[in-house]
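This report refers to the structure that appears directly beneath it.
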Amino acid sequence: MSRTLILLRHGQAAPAAGAPDHDRPLTEHGAAQAEAAGEWIAAHGWQVGAALCSTAVRTRETLRAVAVAAGWSEAAVACSAEPALYDAGVDDVLDAIAPVGDDVDTLVVVGHFPGLPRTALTLAPSGPLTDQVRDGMPTGACIAIATDAAWSALPDVLRGTSDPYGTITAVLTP
């Protein structure tokens, strides 16, 4: 079964201004970036079955804006806020994804830099779009990875017991 993993960095966030980093909301520009990401997902025809996001305010706001722009119904897309995705490293991201059910063909993960691009390069270390990912992942950027493997196979990549998990098939850089 072919699957698509979409890694989405949150939209631009407001400066901390004395508030905790976790509580920073999207700026107007960040909301527009999130909307553009949702339109990009819809334009590719991906039927998202589930979404995971960090518990940070900016990631939850990004996910809401993406869902509206992509035309997702709440009943069709199971969304979950995952505390482990805030300031996550590659292993945290993979551990959050691994339990996703095999009935989900397309999964969106909304998180942070540098964990998301590092995750993409761990799963798909070579290919025509990897250099674009190595160049960075600005706010609002998306990386799509195609795979035939199950979500539960993700941790095997870190243990070195599998070949590269997939191929980066599309990158949105706002």
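The values are calculated or read from the model by the stated rules, or taken from the named source; none is laboratory data. Note that the coordinates shown come from a computational prediction; the quantities given were computed from them, not determined experimentally. Virtual Cβ from ideal backbone geometry, glycine too; neighbours counted across all protein chains shown.
Restricting the search to the stretch 119-139, which residues are in contact with a helix residue (DSSP H, G or I) (Cβ under 9 Å, 6 or more places away or on another chain) and not in a loop (DSSP other than H, G, I, E, B)?
If the condition is that a residue be in contact with a helix residue (DSSP H, G or I) (Cβ under 9 Å, 6 or more places away or on another chain) and not in a loop (DSSP other than H, G, I, E, B), then Thr119, Ala120, Leu121, Thr122, Leu123, Thr130, Val133, Arg134 are the ones that fit.
When you check Gly45 against the structure, is it surrounded by fewer than 15 Cβ atoms within 10 Å (Cβ to Cβ), closer than 28 Å to Tyr165 by Cβ, at pLDDT 95 or above and of a type outside the set (Ser, Thr, Tyr), yes or no? Spell out how you get there, then give the answer.
Numbers: surrounded by fewer than 15 Cβ atoms within 10 Å (Cβ to Cβ): yes; closer than 28 Å to Tyr165 by Cβ: yes; at pLDDT 95 or above: yes; of a type outside the set (Ser, Thr, Tyr): yes.
Taking the combined requirement at face value, the residue satisfies it.
Which residue, of Glu35, Glu39, Glu82, is among the charged types (D, E, K, R), under 24 Å from Ala98 (Cα atoms), in contact with a helix residue (DSSP H, G or I) (Cβ under 6 Å, 6 or more places away or on another chain) and surrounded by fewer than 21 Cβ atoms within 10 Å (Cβ to Cβ)?
Numbers: Glu35 fails: under 24 Å from Ala98 (Cα atoms); Glu39 fails: under 24 Å from Ala98 (Cα atoms).
So the residue among Glu35, Glu39, Glu82 that is among the charged types (D, E, K, R), under 24 Å from Ala98 (Cα atoms), in contact with a helix residue (DSSP H, G or I) (Cβ under 6 Å, 6 or more places away or on another chain) and surrounded by fewer than 21 Cβ atoms within 10 Å (Cβ to Cβ) is Glu82.
Do we find a residue being modelled with pLDDT of 95 or more, more than 13 Å from the chain's Cα centre (by Cα) and either of a type outside the set (A, V, I, L, M) or surrounded by fewer than 16 Cβ atoms within 10 Å (Cβ to Cβ) (or both) anywhere in the stretch 117-126?
Checked the stretch 117-126: no residue is modelled with pLDDT of 95 or more, more than 13 Å from the chain's Cα centre (by Cα) and either of a type outside the set (A, V, I, L, M) or surrounded by fewer than 16 Cβ atoms within 10 Å (Cβ to Cβ) (or both).
Taking the options Thr173, Thr130, Thr119, Thr167, name whichever one is among the polar types (S, T, N, Q) and within 24 Å of Trp72 (Cα to Cα). Full working, then the answer.
Values: Thr130 fails: within 24 Å of Trp72 (Cα to Cα); Thr119 fails: within 24 Å of Trp72 (Cα to Cα); Thr167 fails: within 24 Å of Trp72 (Cα to Cα).
Only one candidate qualifies: Thr173.
Taking Gly111 and the conditions (1) out of contact with any helix residue (DSSP H, G or I) (no Cβ under 9 Å at 6 or more places or on another chain); (2) among the small types (Gly, Ala, Ser); (3) within 22 Å of Pro20 (Cβ to Cβ), which numbered condition does it fall short on, given that it satisfies the others?
All conditions pass for Gly111, except number (1).
Just to confirm my filter: which helices (runs of 4 or more DSSP H) fall fully inside the stretch 19-118 and include at least 3 residues that are without any contact (Cβ under 8 Å) to a residue 40 or more places away in the chain? Explain how you work it out, then say what you get.
Details: elements: 28-43, 57-70, 90-97.
Helices (runs of 4 or more DSSP H) meeting the threshold: 28-43, 57-70.
Do we find a residue being surrounded by fewer than 16 Cβ atoms within 10 Å (Cβ to Cβ) and within 24 Å of Gly38 (Cβ to Cβ) anywhere in the stretch 154-164?
Within the stretch 154-164 (the criterion being surrounded by fewer than 16 Cβ atoms within 10 Å (Cβ to Cβ) and within 24 Å of Gly38 (Cβ to Cβ)), the answer is no, since none of the residues qualifies.
Mind checking whether some residue in the stretch 56-77 is under 17 Å from Thr147 (Cα atoms), modelled with pLDDT under 95 and aliphatic (A, V, I, L, M)?
Step one: of the stretch 56-77, the residues under 17 Å from Thr147 (Cα atoms) are none.
No: zero hits.
Scan the stretch 129-152 for residues that are touching a residue at least 40 places away in the same chain (Cβ under 8 Å) and surrounded by fewer than 22 Cβ atoms within 10 Å (Cβ to Cβ) and jot them down. Even if it seems obvious, please write down each step before you answer.
So in the stretch 129-152, the residues touching a residue at least 40 places away in the same chain (Cβ under 8 Å) come out as 129, 132, 137-152.
Result: Leu129, Gln132, Pro138, Thr139, Ala146, Thr147, Asp148, Ala149, Ala150, Trp151, Ser152.
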